[in-house]
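In what follows, a single structure is set out as C-alpha coordinates and then discussed.
The values are calculated or read from the model by the stated rules, or taken from the named source; none is laboratory data. Since the model is a prediction, treat every value here as computed from it, not as a measurement. Counting neighbours? That spans all protein chains shown, and the Cβs are built from the backbone with ideal geometry, glycine included.
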Amino acid sequence: MVSDGIATVGSRFAQTHDESVDRRDANRAVAVSAVGLLITGGVELALAIITGSVALLGDALHNLSDVSTSAVVFLGFWVSKRPPSKTYPYGFERAEDLAGLGVALVVWLSAVFAGYESYRKLVGGEGTSHLGIGMAGAALGIIGNQVVARYKAVVGKRIQSVTLQADAKHSWLDALSSLGALIGLIVVASGRTWGDPIAGFAVTLFILHVGWEVTREVVHHLMDGLDAGDIDAARDAACAVSGVEAATVRGRWMGRSLLIEVEGQVAARTTIESATSIGAEVAERVHDAVPAVRDVRFIPAER
(Lines give C-alpha, C1' and ligand atoms only; values in the text may rest on other atoms or scores of the structure.)
Protein backbone atom coordinates (compact mmCIF):
# COMPACT_ATOMS: atom_id res chain seq x y z
CA MET A 1 0.00 0.00 0.00
CA VAL A 2 1.00 3.64 -0.29
CA SER A 3 2.97 4.35 2.88
CA ASP A 4 0.95 6.75 5.12
CA GLY A 5 -1.15 7.53 2.07
CA ILE A 6 1.69 9.47 0.39
CA ALA A 7 4.32 8.65 -2.20
CA THR A 8 6.05 11.20 -4.42
CA VAL A 9 7.04 10.77 -8.03
CA GLY A 10 9.11 13.41 -9.84
CA SER A 11 9.76 13.71 -13.55
CA ARG A 12 11.97 16.19 -15.42
CA PHE A 13 11.78 16.75 -19.13
CA ALA A 14 15.29 17.87 -20.06
CA GLN A 15 14.81 16.66 -23.61
CA THR A 16 12.47 19.57 -24.37
CA HIS A 17 14.20 22.17 -22.21
CA ASP A 18 17.98 22.20 -22.69
CA GLU A 19 19.08 24.41 -19.81
CA SER A 20 22.59 24.99 -21.16
CA VAL A 21 21.19 26.14 -24.52
CA ASP A 22 18.62 28.37 -22.80
CA ARG A 23 21.29 30.06 -20.71
CA ARG A 24 23.56 30.52 -23.71
CA ASP A 25 20.76 32.14 -25.69
CA ALA A 26 19.79 34.34 -22.74
CA ASN A 27 23.34 35.57 -22.21
CA ARG A 28 23.73 36.24 -25.93
CA ALA A 29 20.47 38.21 -26.01
CA VAL A 30 21.58 40.34 -23.06
CA ALA A 31 25.03 40.99 -24.53
CA VAL A 32 23.81 41.83 -28.04
CA SER A 33 21.09 44.14 -26.74
CA ALA A 34 23.53 45.92 -24.42
CA VAL A 35 25.90 46.66 -27.30
CA GLY A 36 23.06 47.82 -29.54
CA LEU A 37 21.64 50.14 -26.88
CA LEU A 38 25.07 51.48 -25.99
CA ILE A 39 25.61 52.55 -29.60
CA THR A 40 22.09 53.95 -29.98
CA GLY A 41 22.16 55.82 -26.67
CA GLY A 42 25.66 57.17 -27.28
CA VAL A 43 24.69 58.65 -30.65
CA GLU A 44 21.49 60.12 -29.21
CA LEU A 45 23.38 61.64 -26.27
CA ALA A 46 25.84 63.36 -28.58
CA LEU A 47 23.03 64.76 -30.72
CA ALA A 48 21.06 65.84 -27.63
CA ILE A 49 24.03 67.89 -26.44
CA ILE A 50 24.31 69.52 -29.88
CA THR A 51 20.58 70.30 -30.23
CA GLY A 52 19.73 71.03 -26.60
CA SER A 53 16.66 68.79 -26.83
CA VAL A 54 15.55 67.66 -23.38
CA ALA A 55 13.28 64.98 -24.86
CA LEU A 56 16.18 63.54 -26.86
CA LEU A 57 18.45 63.81 -23.81
CA GLY A 58 16.00 61.91 -21.65
CA ASP A 59 15.61 59.28 -24.34
CA ALA A 60 19.38 58.93 -24.70
CA LEU A 61 19.98 58.54 -20.98
CA HIS A 62 17.10 56.10 -20.77
CA ASN A 63 18.68 54.01 -23.52
CA LEU A 64 22.03 54.10 -21.75
CA SER A 65 20.34 53.05 -18.52
CA ASP A 66 19.27 49.91 -20.35
CA VAL A 67 22.91 48.93 -20.49
CA SER A 68 22.94 48.91 -16.69
CA THR A 69 19.71 46.88 -16.58
CA SER A 70 21.30 44.40 -18.97
CA ALA A 71 24.12 44.02 -16.45
CA VAL A 72 21.52 43.37 -13.72
CA VAL A 73 19.80 40.74 -15.88
CA PHE A 74 23.12 39.08 -16.67
CA LEU A 75 23.94 38.98 -12.95
CA GLY A 76 20.59 37.34 -12.28
CA PHE A 77 21.25 34.65 -14.88
CA TRP A 78 24.75 34.06 -13.47
CA VAL A 79 23.52 33.63 -9.88
CA SER A 80 20.57 31.44 -10.92
CA LYS A 81 22.81 28.77 -12.44
CA ARG A 82 24.32 27.87 -9.06
CA PRO A 83 23.35 24.34 -7.96
CA PRO A 84 21.02 23.76 -4.98
CA SER A 85 22.57 23.75 -1.52
CA LYS A 86 21.49 22.73 1.97
CA THR A 87 20.46 26.30 2.67
CA TYR A 88 18.71 26.76 -0.70
CA PRO A 89 17.46 23.27 -1.59
CA TYR A 90 15.37 24.56 -4.51
CA GLY A 91 18.36 26.30 -6.06
CA PHE A 92 18.88 29.93 -7.02
CA GLU A 93 16.67 30.29 -10.10
CA ARG A 94 14.57 33.01 -8.48
CA ALA A 95 17.60 35.29 -8.69
CA GLU A 96 16.36 35.96 -12.24
CA ASP A 97 13.08 37.31 -10.83
CA LEU A 98 14.97 39.51 -8.37
CA ALA A 99 16.92 40.86 -11.34
CA GLY A 100 13.55 41.67 -12.89
CA LEU A 101 12.82 43.89 -9.87
CA GLY A 102 16.11 45.65 -10.62
CA VAL A 103 14.91 46.32 -14.16
CA ALA A 104 11.65 47.74 -12.80
CA LEU A 105 13.55 50.03 -10.42
CA VAL A 106 15.60 51.49 -13.29
CA VAL A 107 12.37 52.13 -15.22
CA TRP A 108 10.87 54.09 -12.31
CA LEU A 109 14.05 56.11 -11.79
CA SER A 110 14.12 56.93 -15.51
CA ALA A 111 10.57 58.29 -15.21
CA VAL A 112 11.55 60.56 -12.35
CA PHE A 113 14.57 61.91 -14.23
CA ALA A 114 12.68 62.46 -17.51
CA GLY A 115 9.87 64.28 -15.72
CA TYR A 116 12.27 66.53 -13.81
CA GLU A 117 14.27 67.51 -16.91
CA SER A 118 11.10 68.25 -18.88
CA TYR A 119 9.76 70.46 -16.10
CA ARG A 120 13.07 72.30 -15.81
CA LYS A 121 13.16 73.11 -19.52
CA LEU A 122 9.50 74.12 -19.67
CA VAL A 123 9.97 76.58 -16.81
CA GLY A 124 13.36 77.82 -18.04
CA GLY A 125 12.18 78.38 -21.61
CA GLU A 126 15.41 77.06 -23.15
CA GLY A 127 15.48 76.68 -26.94
CA THR A 128 16.30 73.77 -29.25
CA SER A 129 18.61 73.93 -32.29
CA HIS A 130 19.83 71.71 -35.17
CA LEU A 131 16.41 70.12 -35.42
CA GLY A 132 17.25 68.00 -38.48
CA ILE A 133 19.98 65.98 -36.82
CA GLY A 134 17.91 65.80 -33.66
CA MET A 135 15.09 64.17 -35.61
CA ALA A 136 17.58 61.76 -37.17
CA GLY A 137 18.77 60.79 -33.68
CA ALA A 138 15.20 60.16 -32.51
CA ALA A 139 14.54 58.02 -35.59
CA LEU A 140 17.68 56.00 -34.82
CA GLY A 141 16.37 55.45 -31.29
CA ILE A 142 13.07 54.11 -32.62
CA ILE A 143 14.71 51.64 -34.98
CA GLY A 144 17.43 50.50 -32.58
CA ASN A 145 15.06 49.87 -29.69
CA GLN A 146 12.47 48.07 -31.80
CA VAL A 147 15.10 45.64 -33.07
CA VAL A 148 16.51 45.02 -29.58
CA ALA A 149 13.05 44.66 -27.99
CA ARG A 150 11.90 42.15 -30.58
CA TYR A 151 15.04 40.05 -30.19
CA LYS A 152 14.85 39.90 -26.38
CA ALA A 153 11.10 39.23 -26.39
CA VAL A 154 11.46 36.23 -28.74
CA VAL A 155 14.30 34.70 -26.71
CA GLY A 156 12.63 35.47 -23.37
CA LYS A 157 9.35 33.84 -24.41
CA ARG A 158 11.09 30.74 -25.75
CA ILE A 159 13.11 30.10 -22.59
CA GLN A 160 10.28 31.22 -20.24
CA SER A 161 12.28 34.08 -18.70
CA VAL A 162 9.97 36.72 -17.26
CA THR A 163 13.01 38.91 -16.55
CA LEU A 164 14.19 38.91 -20.16
CA GLN A 165 10.64 39.62 -21.33
CA ALA A 166 10.44 42.50 -18.85
CA ASP A 167 13.70 43.85 -20.22
CA ALA A 168 12.24 43.55 -23.73
CA LYS A 169 9.26 45.67 -22.67
CA HIS A 170 11.70 48.19 -21.29
CA SER A 171 13.36 48.43 -24.71
CA TRP A 172 9.95 48.68 -26.37
CA LEU A 173 9.28 51.62 -24.07
CA ASP A 174 12.46 53.28 -25.32
CA ALA A 175 11.16 53.09 -28.88
CA LEU A 176 8.00 54.91 -27.79
CA SER A 177 10.01 57.52 -25.92
CA SER A 178 12.13 58.04 -29.05
CA LEU A 179 8.91 58.55 -31.00
CA GLY A 180 7.81 61.12 -28.43
CA ALA A 181 11.13 62.94 -28.81
CA LEU A 182 10.71 62.94 -32.59
CA ILE A 183 7.19 64.38 -32.37
CA GLY A 184 8.41 67.04 -29.96
CA LEU A 185 11.14 68.14 -32.36
CA ILE A 186 8.64 68.29 -35.22
CA VAL A 187 6.43 70.55 -33.10
CA VAL A 188 9.43 72.78 -32.31
CA ALA A 189 10.20 72.99 -36.05
CA SER A 190 6.69 74.38 -36.56
CA GLY A 191 7.57 77.33 -34.32
CA ARG A 192 6.23 76.09 -30.97
CA THR A 193 9.17 76.00 -28.54
CA TRP A 194 7.12 74.25 -25.87
CA GLY A 195 6.94 71.12 -28.05
CA ASP A 196 10.19 69.67 -26.71
CA PRO A 197 9.41 69.79 -22.94
CA ILE A 198 5.82 68.65 -23.55
CA ALA A 199 7.21 65.71 -25.51
CA GLY A 200 9.44 65.06 -22.51
CA PHE A 201 6.36 64.81 -20.29
CA ALA A 202 4.77 62.41 -22.80
CA VAL A 203 7.89 60.26 -22.64
CA THR A 204 7.60 60.30 -18.85
CA LEU A 205 4.03 58.99 -19.03
CA PHE A 206 5.14 56.14 -21.31
CA ILE A 207 7.87 55.26 -18.84
CA LEU A 208 5.44 55.26 -15.90
CA HIS A 209 3.02 53.00 -17.78
CA VAL A 210 5.62 50.41 -18.71
CA GLY A 211 7.16 50.64 -15.24
CA TRP A 212 3.80 49.63 -13.80
CA GLU A 213 3.38 46.79 -16.31
CA VAL A 214 6.89 45.43 -15.73
CA THR A 215 6.55 45.63 -11.93
CA ARG A 216 3.16 43.91 -11.97
CA GLU A 217 4.41 41.07 -14.17
CA VAL A 218 7.55 40.44 -12.11
CA VAL A 219 5.66 40.53 -8.79
CA HIS A 220 2.98 38.21 -10.25
CA HIS A 221 5.76 35.75 -11.14
CA LEU A 222 7.42 36.04 -7.71
CA MET A 223 4.05 35.36 -6.06
CA ASP A 224 3.70 32.14 -8.10
CA GLY A 225 0.93 33.53 -10.25
CA LEU A 226 -0.18 30.96 -12.83
CA ASP A 227 -2.49 30.85 -15.82
CA ALA A 228 -5.77 29.32 -14.66
CA GLY A 229 -5.97 27.53 -18.00
CA ASP A 230 -2.71 25.68 -17.27
CA ILE A 231 -4.05 24.51 -13.90
CA ASP A 232 -7.27 23.26 -15.52
CA ALA A 233 -5.34 21.51 -18.30
CA ALA A 234 -3.05 19.79 -15.78
CA ARG A 235 -6.01 18.64 -13.69
CA ASP A 236 -7.85 17.25 -16.71
CA ALA A 237 -4.72 15.46 -17.88
CA ALA A 238 -4.16 13.88 -14.46
CA CYS A 239 -7.78 12.76 -14.10
CA ALA A 240 -7.60 11.11 -17.52
CA VAL A 241 -5.06 8.62 -16.17
CA SER A 242 -6.51 5.28 -15.12
CA GLY A 243 -6.35 4.93 -11.35
CA VAL A 244 -6.70 8.65 -10.58
CA GLU A 245 -10.21 9.30 -9.25
CA ALA A 246 -9.76 13.03 -8.56
CA ALA A 247 -6.89 15.49 -8.49
CA THR A 248 -5.85 18.75 -6.86
CA VAL A 249 -3.27 20.74 -8.80
CA ARG A 250 -0.89 23.39 -7.51
CA GLY A 251 2.04 25.09 -9.18
CA ARG A 252 4.86 27.50 -8.55
CA TRP A 253 7.66 29.21 -10.41
CA MET A 254 11.32 28.66 -9.60
CA GLY A 255 12.81 31.29 -11.88
CA ARG A 256 12.08 30.02 -15.39
CA SER A 257 11.08 26.57 -14.12
CA LEU A 258 7.37 25.85 -13.69
CA LEU A 259 6.80 23.14 -11.07
CA ILE A 260 3.41 21.41 -11.06
CA GLU A 261 2.31 19.34 -8.08
CA VAL A 262 -0.58 16.92 -8.55
CA GLU A 263 -2.26 15.37 -5.52
CA GLY A 264 -4.26 12.52 -6.97
CA GLN A 265 -6.80 10.39 -5.14
CA VAL A 266 -6.27 6.69 -5.77
CA ALA A 267 -8.12 3.62 -4.63
CA ALA A 268 -7.50 2.31 -1.12
CA ARG A 269 -4.76 -0.30 -0.75
CA THR A 270 -2.94 0.91 -3.88
CA THR A 271 0.62 -0.41 -3.78
CA ILE A 272 3.67 1.83 -3.99
CA GLU A 273 4.58 0.18 -7.31
CA SER A 274 1.18 1.01 -8.77
CA ALA A 275 1.31 4.56 -7.44
CA THR A 276 4.73 5.02 -9.03
CA SER A 277 3.43 3.81 -12.38
CA ILE A 278 0.38 6.06 -12.15
CA GLY A 279 2.58 8.99 -11.21
CA ALA A 280 4.86 8.48 -14.21
CA GLU A 281 1.90 8.50 -16.58
CA VAL A 282 0.42 11.57 -14.89
CA ALA A 283 3.74 13.39 -15.30
CA GLU A 284 3.87 12.59 -19.02
CA ARG A 285 0.29 13.66 -19.66
CA VAL A 286 0.64 16.89 -17.68
CA HIS A 287 3.77 17.73 -19.62
CA ASP A 288 1.94 17.19 -22.89
CA ALA A 289 -0.98 19.35 -21.73
CA VAL A 290 1.20 22.16 -20.31
CA PRO A 291 4.37 22.53 -22.42
CA ALA A 292 5.79 25.21 -20.10
CA VAL A 293 6.13 22.77 -17.17
CA ARG A 294 9.62 21.48 -16.37
CA ASP A 295 8.92 19.37 -13.29
CA VAL A 296 5.81 17.36 -12.37
CA ARG A 297 5.41 15.81 -8.92
CA PHE A 298 2.63 13.36 -8.21
CA ILE A 299 1.44 12.70 -4.65
CA PRO A 300 -1.06 9.83 -4.39
CA ALA A 301 -3.61 10.03 -1.58
CA GLU A 302 -5.90 7.14 -0.66
CA ARG A 303 -9.62 7.88 -0.59
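Points to keep in mind about this one:
- A count restricted to the stretch 258-303 and to residues that are in contact (Cβ under 8 Å) with a residue 40 or more places away in the chain, part of a strand (DSSP E or B) and within 30 Å of D22 (Cβ to Cβ) stands at 8.
- Residues within the stretch 32-60 that are under 18 Å from W194 (Cα atoms), out of contact with any Leu (no Cβ under 8 Å at 6 or more places or on another chain) and crowded, with 24+ Cβ neighbours inside 10 Å, tallied: 3
- Evaluated against (1) of a type outside the set (K, R); (2) under 30 Å from L131 (Cβ atoms); (3) buried (at least 23 other Cβ atoms within 10 Å of the Cβ), L64 falls short on exactly one condition, (3).
- Pair list, Cβ < 8 Å and 6+ apart or interchain, from the stretch 50-72 residues that are in the same structural domain as K169 (by TED's automatic domain parsing) to residues that are among the basic types (K, R) and part of a helix (DSSP H, G or I): V54/R120; V54/K121
- Inter-residue pairs, beta-carbon under 6 Å, first within 11 Å of V79 (Cβ to Cβ) and in the stretch 95-107, second not in a helix (DSSP H, G or I), 6+ apart: E96/G255
- Lone qualifier among V218, V214 - being within 30 Å of D174 (Cβ to Cβ), assigned by TED's automatic domain parsing to the domain that holds F77 and touching a Gly at 6+ places or on another chain (Cβ under 6 Å): V218
- Scanning the stretch 110-131 for residues that are surrounded by 15 or more Cβ atoms within 10 Å (Cβ to Cβ) and assigned to a helix (DSSP H, G or I) returns S110, A111, F113, A114, G115, E117, S118, Y119, K121, L122, L131.
- Filtered residues of the stretch 22-31 (kept if surrounded by 15 or more Cβ atoms within 10 Å (Cβ to Cβ) and either outside any helix (DSSP H, G or I) or among the aliphatic types (A, V, I, L, M) (or both)): A26, A29, V30
- Residue selected from the stretch 179-207 under the condition polar (S, T, N, Q) and in contact (Cβ under 8 Å) with a residue 60 or more places away in the chain, by the criterion surrounded by the most Cβ atoms within 10 Å (Cβ to Cβ): T204
- Residue match in the stretch 210-231 (condition: more than 30 Å from F92 (Cβ to Cβ) and not in a helix (DSSP H, G or I)): no
- Just one of (1) more than 14 Å from the chain's Cα centre (by Cα); (2) closer than 30 Å to P83 by Cα fails for R158. It is (1).
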